[in-house]
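See below for the structure under consideration.
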Amino acid sequence: MARKQTVQRKRRSKKKAKRQVSRAGIMAAFLLAFALLAAGFAWYKGRQWRPDEQLWPDQGAVVGERDGVVDFGTIAGLGAKFTYVLASHGAGRQDARFPANFAAARDAGLEVGAVHEFDPCVPADGQSANFVTVVPRDGDLLPPAILLEGDASDCPTRVSDAAVQSELMTLVNQIEAHSGKAVILAPSKDFEERYHVAQRIDRQLWLARNWFEPVYAGRPWMLWTANRTLQTEAAAKPLRWAVIRREDN
């Protein structure tokens, strides 16, 4: 009799344990599904998010050939006041859509600035020559920007950090001589962590971080790419959306 009761208790314990495992599994699956839905919703909303215009009234887009054909009238209709257009890359390549984008942005009544993508593997002279060949000397343009993303790790021959910093400073001076305006430096977080340009070169900064203000440069920024994947009716592909900091921000 005692043995029979013991067996029954063991069976009940096993059933109870199975029910607990089953409930735990259901709860885990529910939490996972909820997390996936929340992440999907955040991703969807994030692609449509722009900074509050009451706080950041000076907003605009960053456009290059990778974005395809862009309707700048629609960009202006979204509340943009400016557009920065990719112009040149390193010493040997120019953005294929720069002339068309430049003209269309101006026709839409937007302020326009030009961007050069820095190549740490090649000297500054060739890069500045590439930039001045395509970008006109025009006092009505916004200050030129230098995009700083790739480092020298993949260069065909070794380039020291000191050499990269030196060539960048030379490029800054050469582009400023052409434009008549101080350049804006746009380092990625990785580039800044390696070369510390925000501390070494006294120029306005353009930083990037989705949805939240970037702080990785250690000092205030002038421009902020706030959403790198903004989905709009202006283009088939997502656009980079930026804001300019006013003195009262």
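The numbers here are math on the coordinates, done by the rules we state, and not lab data. Worth saying up front: this structure is predicted, and the values here are computed from it rather than measured. All Cβ positions, glycine included, derive from the backbone under ideal geometry; neighbour counts span all protein chains shown.
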Practice item. State whether one or more residues within region 162-170 are hydroxyl-bearing (S, T, Y) and either under 30 Å from A234 (Cα atoms) or free of Cβ contacts under 8 Å to residues at least 12 places away in the same chain (or both). Key: yes
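Answer yes or no: is there a residue in region 146-159 that is part of a strand (DSSP E or B) and touching a Phe, Trp or Tyr at 6+ places or on another chain (Cβ under 6 Å).
Among the residues of region 146-159, at least one is part of a strand (DSSP E or B) and touching a Phe, Trp or Tyr at 6+ places or on another chain (Cβ under 6 Å), which makes the answer yes.
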Log entry, pairs with first residue in region 124-140 being more than 18 Å from T170 (Cα to Cα), second being exposed (fewer than 13 other Cβ atoms within 10 Å of the Cβ), beta carbons closer than 7 Å, six or more apart or on different chains, reads G139/G180
Only one of E167, E192, E176 is in a helix (DSSP H, G or I), under 22 Å from V215 (Cβ atoms) and out of contact with any strand residue (DSSP E or B) (no Cβ under 7 Å at 6 or more places or on another chain), namely E192
Of the residues in region 185-223, those that are touching a Phe, Trp or Tyr at 6+ places or on another chain (Cβ under 9 Å), farther than 16 Å from I244 by Cα and free of Cβ contacts under 8 Å to residues at least 24 places away in the same chain number 2
Selection over region 73-122 where residues are part of a strand (DSSP E or B), surrounded by fewer than 23 Cβ atoms within 10 Å (Cβ to Cβ) and among the polar types (S, T, N, Q) yields a count of 1
Picking from W241, W206, W211, the residue that is hydrophobic (A, V, I, L, M, F, W, C) and within 12 Å of I146 (Cβ to Cβ) would be W206
